[in-house]
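A short worksheet on the structure shown next.
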Amino acid sequence: MRIVPLRRGSAVDREPSAADLKAIEAEWPEIEAGLAVLDAEIRALSAEGGPSVLDRRRLRRAEHRALTARELADRRSADSPEVA
């Protein structure tokens, strides 16, 4: 996952550029999958009496979605030419 860096000397309240928004949109499946993993981990850790079978299954599925999203992002970046 790439994080769009803040530009030096830019105002904090400055709106993101079209390129910034495009980069966020391209990374959104990865971000969403990472949030699903985090949510599943929180549910498992905060489950009364320990994580259930359902909690473990939810976490495995979320981790699988995150890995798939990462693989797809890697494939897309390998297929598209880098712009320097």
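Applying the selection to region 1-33, what residues are at pLDDT 90 or above and touching a helix residue (DSSP H, G or I) at 6+ places or on another chain (Cβ under 6 Å)?
Of everything in region 1-33, those that are at pLDDT 90 or above and touching a helix residue (DSSP H, G or I) at 6+ places or on another chain (Cβ under 6 Å) turn out to be Pro29, Glu30, Ala33.
Out of Glu63, Glu25, which single residue is part of a helix (DSSP H, G or I) and surrounded by 12 or more Cβ atoms within 10 Å (Cβ to Cβ)?
Glu63
The values are calculated or read from the model by the stated rules, or taken from the named source; none is laboratory data. This structure is a prediction, so every number in the text was calculated from the model and none was measured. Note: ideal-geometry Cβ built from the backbone for every residue, glycine included; neighbour counts use all protein chains shown.
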